[in-house]
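The values are calculated or read from the model by the stated rules, or taken from the named source; none is laboratory data. Here the structure is a predicted model, which means the values were calculated and not measured. FYI the Cβ positions are ideal-geometry reconstructions off the backbone, even for glycines, and counts take in every protein chain you see.
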Amino acid sequence: MSDAYDVVVIGGGPGGYVCAIRCAQLGFRTACVESRKTLGGTCLNVGCIPSKSLLNLSENYIKAKKFSSIGIETGKVALNLSQMMKIKEKSVTVLTKGVEFLLKKNKVDYIKGKASLKSNTEIIVEKNKSKKVYAAKNIVISTGSLPTSLPGMQIDEKNIVSSTGALSFNQVPKKLIIIGGGYIGLEMGSVWKRLGSDVTIIEFLDHIITGADVEISKEFLKILTKQGIIFKLNSIVTAANVIKNKVVVDFRHNKTAERTRVKTDKVLIAVGRRPNTEGLNLKEISIKNDSKGKIQVNKKFMTSIKNIYAIGDVIDGPMLAHKAEEEGIAVAEIIAGQSGHVNYEAIPGVIYTSPEVASVGKTEEALKKENIKYKIGKFPFMANPRAKVINETEGFVKILANEETDKILGVHMIGPHVGDLIAEISLAIEFGASSEDIARTCHAHPTYSEAVKEAALSVDKRPIHS
Ligand code: FAD
């Protein structure tokens, strides 16, 4: 194994490429194998980046239509969808090329092709029917996830699509049904609603965004409903059949058992993602999966084989790009004998709709379940000067702090730019800060961040502006 790589990372998504760069920084001879034509994984190619690009472009379209209300007279505002798609694709290209540059800069070998494990120290990479074997002292599996479907429903990426198809419609569907009220369904629903579709979201549960703080989820539902998205909660989709280029969708109410049949132009199935372990040869070399089919790892991201690690969407935990990145860095440091770790209590989650939704730490419901006594501080954006000036006053900041120690346990926000405001809270949680620490920190005026300070002041019932 003298010419073996120190580390071979399988997968060039946010988990994989970040891990490879950190490994190279630590002095390891590193390679990163990617089967897609471009680096960046789901995130850059068909996930975070193209969806955020379309969210931004569609938001601008909506704003442009309302320009005259703020004293800007324009001609008729018209949608040029193909131009929007070109801009989205350009963002993807620039960023995926950027990752390639970063690998090169850090002297990581970029190996193109599909990898499988030959043994615990050998990887076969297949490309255009040719195969090459690489030796590796350590292997990191970061092969991500794939969209899931529902029984009897076939994703054809034409009429019945996954998020990948919904990022590339070449026409605005007149009617769009989305199955699943999670963040992907809500973001894509917002995009297409803004661009002119009649959007209906069918959700099995009685609320949207599973696991979110219930107060936030209720407020979010109210706001999205006001924006014109139709929600069918407590409903299960039983069939979706393509008939003459339309989709006939059947769903049933969970409580009343009332059945409904509707015809739509497109259906987006956004019910979750499954780990991508296909063709890796895991069983043959005795790497174990958990009950959800994810690769089982210990606290050091080590699989059942000592020198093989796994990170990102392919292991347990929130399927988020930044979670994958943190794990990538941690595993590189662990391989180097350092004490790399991930603080799962401080991983934020953001939904990039308008307004945005962001949270980190425990929800009120989780605290009740765990019998942890807490105090609440809340502050509405309606009372925040910046939000008022910009006329983005929907939503609030909610801080949950330990009743005895005042330590911040969780923060949940809905409102303008909260996806950026949440970073302050992740840092606060990382540092074990109290709500008093935030309340006593000077926040610039006039900024949205003052709502965070005021919510912290509210924990001790002493807000200034409400
Ligand atoms: P991936 O990004 O899936 O990368 C895995 C890579 O491995 C892929 O490129 C794949 O081609 C490659 N691969 C697989 N098998 C092999 C093999 N055998 N050989 C070689 N290569 C292989 N997360 C956020 O944090 N914020 C967001 O705003 C956000 N928005 C999203 C929007 C959408 C529509 C979707 C679908 C996802 C979104 N996500 C978001 C989730 C995010 O994209 C994932 O959590 C993240 O990409 C996971 O990173 P990863 O490195 O684990 O896997």
Those residues of the range 21-50 which are part of a helix (DSSP H, G or I), away from the ligand (no atom under 14 Å from the Cβ) and surrounded by fewer than 24 Cβ atoms within 10 Å (Cβ to Cβ) amount to Ala24, Gln25
Take Ala366 and decide whether it is within 30 Å of Ile229 (Cβ to Cβ) and within 16 Å of the ligand (Cβ to nearest atom).
no
Within the range 97-119, restricting to residues that are closer than 18 Å to Asn138 by Cα and surrounded by fewer than 16 Cβ atoms within 10 Å (Cβ to Cβ), the one that is nearest to the ligand (Cβ to nearest atom) is Ser119
Those helices (runs of 4 or more DSSP H) completely within the range 163-268 that have 3 or more residues that are within 16 Å of the ligand (Cβ to nearest atom) are 163-166, 183-194
Filtering the range 126-145 for residues that are surrounded by fewer than 21 Cβ atoms within 10 Å (Cβ to Cβ) and of a type in the set (A, V, I, L, M) leaves a count of 2
Q. Is it true that Ile87 is farther than 24 Å from Leu280 by Cβ, more than 8 Å from the ligand (Cβ to nearest atom) and assigned to a loop (DSSP other than H, G, I, E, B)?
A. no
Checked pairs for the range 90-114, first without any contact (Cβ under 8 Å) to a residue 40 or more places away in the chain, second more than 14 Å from the ligand (Cβ to nearest atom), C-beta under 8 Å and 6 or more apart or across chains, list as none
Filtering helices (runs of 4 or more DSSP H) wholly in the range 327-445 for at least 1 residues that are among the polar types (S, T, N, Q) gives 418-430, 435-439
Going through the range 325-374 in order, the residues found to be more than 14 Å from Val397 (Cα to Cα), surrounded by fewer than 22 Cβ atoms within 10 Å (Cβ to Cβ), in contact (Cβ under 8 Å) with a residue 60 or more places away in the chain and of a type in the set (D, E, K, R) are Glu333, Glu345, Glu365
* Could you check, for the range 68-89, whether at least one of its residues is in contact with an Asp or Glu (Cβ under 9 Å, 6 or more places away or on another chain), loosely packed, with under 14 Cβ neighbours inside 10 Å and modelled with pLDDT of 95 or more? => no
Checked the range 305-331 for anything more than 10 Å from Gly15 (Cα to Cα) and not aliphatic (A, V, I, L, M); matches are Lys306, Asn307, Tyr309, Asp316, Gly317, Pro318
Taking the range 51-66 and keeping residues crowded, with 20+ Cβ neighbours inside 10 Å and away from the ligand (no atom under 12 Å from the Cβ) leaves Leu57, Ser58
With the first residue restricted to the range 180-197 and required to be at negative phi, and the second required to be in a helix (DSSP H, G or I) and crowded, with 24+ Cβ neighbours inside 10 Å, Cβ contacts under 6 Å at 6 or more apart or on different chains are Met188/Ala166; Val191/Leu54
Across (1) more than 16 Å from the ligand (Cβ to nearest atom); (2) at negative phi; (3) surrounded by fewer than 21 Cβ atoms within 10 Å (Cβ to Cβ), Thr148 clears everything bar (1)
If we keep only residues of the range 282-295 that are in a loop (DSSP other than H, G, I, E, B) and crowded, with 16+ Cβ neighbours inside 10 Å, then the residue farthest from the ligand (Cβ to nearest atom) is Ile287
| request: Take Val92 and decide whether it is surrounded by 12 or more Cβ atoms within 10 Å (Cβ to Cβ), within 16 Å of the ligand (Cβ to nearest atom), in a strand (DSSP E or B) and among the aliphatic types (A, V, I, L, M). | output: no
Per the list (1) touching an Asp or Glu at 6+ places or on another chain (Cβ under 9 Å); (2) part of a loop (DSSP other than H, G, I, E, B); (3) more than 15 Å from the ligand (Cβ to nearest atom), residue check on Ala135 breaks on (2)
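The rows are residues; the columns are (1) more than 14 Å from the ligand (Cβ to nearest atom); (2) more than 18 Å from Asn276 (Cα to Cα); (3) out of contact with any Gly (no Cβ under 7 Å at 6 or more places or on another chain).
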site: Met302; (1), (2), (3): yes, no, yes
site: Ile305; (1), (2), (3): yes, yes, yes
site: Ile311; (1), (2), (3): no, no, no
site: Asp316; (1), (2), (3): no, no, yes
site: Leu320; (1), (2), (3): no, no, no
site: Lys323; (1), (2), (3): no, no, no
site: Gly328; (1), (2), (3): no, no, no
site: Ile335; (1), (2), (3): yes, yes, yes
site: His341; (1), (2), (3): yes, yes, yes
